[in-house]
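Where a number appears in this text, it was derived from the coordinates with a stated rule and is not lab data. Just so it is clear, the model here is predicted, and its values are computed rather than measured. Positions of Cβ are backbone-derived with ideal geometry, glycine not excepted, and every protein chain shown enters the neighbour counts.
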Amino acid sequence: MSAREAILSRLTGKTPAEVIRAEAAALLLAPERPAVDPAQVEAVFAERLAVPSVAASYERVADWTALPETVRRYFAEQGIPPVLCLPPDPRLRALDWSGFTLHDSAAPDELAVLAVARLGVAETGSLVFETSPEAPMLPNFLALHHLVVVPEVVAQLEEAALPGAQPRAHYWVTGVSGTTDIEGTYVRGAHGPRFLHVIRLAG
Amino acid sequence: MSAHEPQAAFKTRAAAALHDPILKIAVERTAGTAEAKRAVAVEAFPDFEAARTRAAAIKDHVVANLGHYLEQFEANAVAAGAVVHWARTSQEACDIVIGLCRQAGAKSVARSKSMLGEEIGLPHALAEAGIARVETDLAEHIIQLSGERPSHIIWPAMHKTREQVSELFRRSHRDPHAEETIAAMAESARRHLREGMLSADVGISGANFLVADSGAVCTVTNEGNAELSLVPPRLQIVTAGIEKIVPSMGHAVHLLRLLARSATGAALTQYTTFYTGPKRESDRDGPEEMHIVLVDNGRTAMREEGLAEMLRCIRCGACMNHCVVFRQIGGHAYGGTYPGPMGAVLTPAIDGLAKTRDLPNACTLNGKCQEVCPVNIPLPTLLRGWREKSWREGLEPKATRAGIDLWAWFAQRPKLYRAATATALKSLRAMGRGGWLRKVPMAGGWTRYRDLPKPAAESFMAQYRKGRRR
Ligand code: SF4
């Protein structure tokens, strides 16, 4: 008997699949979770980004065209040279990046990346990403400064799921790379980003 | 192996831990902070009690229908392009992983912390196969350098002080920290580990959840080291316990809310990733192949033999952070992969009760672990179950059995029992000085560390009778 058969033979029950499905669905009804007032989604999102375990900086801009200037200002404030890792996302590539040196795959010691999240989640201040040919994953984990454009914000984590066929990776970023592994002391920038800057598109 | 050898080993380990003043400080710093942060998070959560009941119900539902969900998970993972393997034992699991590494001609693997990996002895198996291992979680990196085992499931290096870490890093990092600060030490590890992660041939992780309706594998980390270990290599291998299944992402969301709050007090871990299959054809990054090894290693037996509730465990570490015994002796004294209350239940199931019967006894049964467990596992009841089994199977030492048999003989003869108690009371009182007993024959182990209050002149029963007569 294969290992698969040996394990499954001890686990397979007689409950019909529809009954299992109905039970599973019932377990999701009216979940206990931090409530987010539908009228306050934007405010809660901004608030959550500021809690110590997330500690992201946040600003609102009018639309996509404001991004190069916003990034320029952030770089100047942080004293970063104008070298930017920019994924091949046509919405970003269409903008005027004059003055920047751009590249699309991250160097091992990458300083800064700008990426687009599909969603922000107010409940936790999470940023939701999916991989695609236009959205590589590695730069978001290598760069010291993680700059993220957020076109839309939803209230709860349940709304983060992507319906239909799944991409290779669907991931939520809720702060920077942190560790408390030495004496429980919190250090930012353990492996990946030390700074997270969220740019909310207001339009 | 006789039951007596490991008992001595546990007692020796526990005694050594109790005599280590640095260990106590180190454990207290991390577990104390975790306890305080959890309390704040739970207080702020709307109806944590109901949420915990729901979490337990989700896990019970999965465990009851495990065969159904494993098949569903397998079908979806395969449809997404992953290869699914099954392993009955830790040996089978390690053989599969090593076989895959060899096939790929792998010289080095980047590993993201996984308790299941520790449970099946993967670090050892990789070393034996001559494959270099880069532990990418900061704490796992520390204990890899010191050649130890994890002492906690969330903070594997919690027993190490900053001074000890500093020394390890100075000895092994090429470009170590210049300043004696924790931030500078973390930076030194960042420089040191990055190269190893980016050049590894294989990325290996565990799974926090396996999502049945999509075939996705979910990992959570605060450091982002799982992603840095699993995205660059050509091959991704996941080793996961079969109980990690959830029906859908919605169920994972509910458990994730409780997991982070119970572990660190945060609303969510910094990085939560769902991987579904290998990289798609035109994706810019990700592995060419994704392999998932579903590991039983005693879990189906636990389900059949009255330990199904233990399969609810989501490995948050709250039970050990709140355990009075763990806080005194730390994790290594437990001797297994899993320490604390959950370890005392799991280790006998994994390693056999004969070798581990002391663990269920190293518990005050104060119930705190169950109180804080996000999936409401009746840990004290399960520990009592092991004690009873150990008694039934004759695993208790001869002296203990003889003592209890003697007590039972007297207890069944009330007159004799009362006479014996009265005599014992008299002799104990005669030994006392100023209200305390400093030494008691045959109880030297107990009185070495504390004094016993002098007993009352008469037993409770004697006083009770007198009271009734009046
Ligand atoms: S037994 Fe409960 S408290 Fe302990 S690690 Fe598992 S889930 Fe957490």
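As an exercise, identify the GluC sites (Glu not before Pro) in segment B:164-206 lying in DSSP coil whose Cβ has no more than 11 other Cβ atoms within 10 Å.
B:Glu179, B:Glu180
Among B:Ala106, B:His192, B:Ala207, pick out the residue whose Cα is farthest towards the positive end of the charge dipole of the protein assembly as shown, where Lys and Arg carry +1 and Asp and Glu carry -1 on C-beta, about the Cα centre.
My answer, from the dipole projection, is B:Ala207.
So if we plug the beta-carbon distance of A:Arg10 and A:Glu69 into 1/(1 + (r/R0)^6) with R0 = 41 Å, what FRET efficiency do we get, rounded to 0.05?
0.05
Any chance you could check the Cα centroid distance between segment B:300-341 and segment B:60-79 for me, in angstrom?
Result: 25 Å between the Cα centres.
Dividing the alpha-carbon radius of gyration of chain B by 2.2 N^0.38 Å (N being the number of residues), what value is obtained?
Here the Cα radius of gyration is 1.12 times the empirical estimate.
Each label point is 7 Å from the Cα along the Cα-to-Cβ direction; what then is the distance between the points at B:Arg468 and B:Leu365, in nm?
Label-label distance for B:Arg468 and B:Leu365, simple model: 2.6 nm.
Just to be sure I follow: if Rg is taken over the C-alpha atoms of segment B:323-470 and Rh is the Kirkwood radius over the same atoms, what is Rg/Rh?
1.06
Mind giving me the nanometre distance, one decimal, between the label points for B:Ala424 and A:Leu102, set 7 Å out from Cα along Cα→Cβ?
Output for this residue pair reads 8.5 nm.
So what are the ³J(HN,Hα) numbers for segment A:157-173, from phi and the Karplus equation (6.51, -1.76, 1.60; θ = phi - 60°), rounded to whole Hz, Gly and Pro as x?
Coupling constants for segment A:157-173: 4, 4, 7, 6, 4, 9, x, x, 4, 8, x, 4, 9, 10, 9, 10, 10 Hz.
Residue separation times 0.36 nm, minus the C-alpha to C-alpha distance between B:Lys415 and B:Met442: what's the value?
So the chain would gain 7.2 nm between B:Lys415 and B:Met442.
For segment B:409-458 and segment A:48-118, write down the distance between their C-alpha centroids in whole Å.
Using only Cα atoms to place each centre, the spacing works out to 75 Å.
Tell me which GluC sites (Glu not before Pro) from segment B:244-325 have a DSSP coil assignment and no more than 12 other beta carbons within 10 Å of their own.
Here the GluC sites (Glu not before Pro) that fit, given the DSSP loop and packing criteria, are B:Glu281, B:Glu288, B:Glu305.
Work out from phi, with θ = phi - 60° and the Karplus expression 6.51 cos²θ - 1.76 cosθ + 1.60, the ³J(HN,Hα) of each residue of segment A:81-90, listed in order in whole Hz, and give x for Gly and Pro.
x, x, 10, 10, 8, 10, x, x, 7, x
How do A:Ser2, B:Ser112 line up, fewest other C-beta atoms within 10 Å first?
Exposure proxy ranking, most exposed first: A:Ser2, B:Ser112.
Note down the nm distance, to one decimal, between modelled labels 7 Å out along Cα→Cβ at B:Ile22 and at B:Glu49.
For B:Ile22 paired with B:Glu49, the spin-label model returns 4.5 nm.
Mind computing the radius of gyration and Dmax over the alpha-carbon atoms of the protein assembly as shown? Å is fine for both.
Taking only Cα atoms of the protein assembly as shown, I get Rg and Dmax of 27.7, 102 Å.
Working out 0.36 nm times the residue gap between B:Ser459 and B:Glu288, then minus their Cα-Cα distance, what length gain in nm do you get to one decimal?
Computed gain between B:Ser459 and B:Glu288 is 54.0 nm.
So what is the relative contact order of chain B, in percent, for Cα pairs below 8 Å that sit 6 or more residues apart?
20
What length, rounded to one decimal in nm, is gained on full extension from B:Arg171 through to B:Gln328, with 0.36 nm per residue of separation minus their alpha-carbon distance?
53.5 nm
Which of B:Lys368/B:Lys454; A:Lys14/B:Lys59; B:Lys113/B:Lys279; B:Lys113/B:Lys160; B:Lys113/B:Lys244 have a Cα-Cα distance over 24 Å?
Beyond 24 Å: B:Lys368/B:Lys454.
How high is the relative contact order of chain A, in percent, with contacts defined as C-alpha pairs under 8 Å that are six or more residues apart?
Across chain A, relative contact order equals 23 percent.
Go through segment A:71-167 and name the GluC sites (Glu not before Pro) that are in a DSSP coil and have 15 or fewer other Cβ atoms within 10 Å of their Cβ.
Sites meeting the loop and neighbour criteria: A:Glu152.
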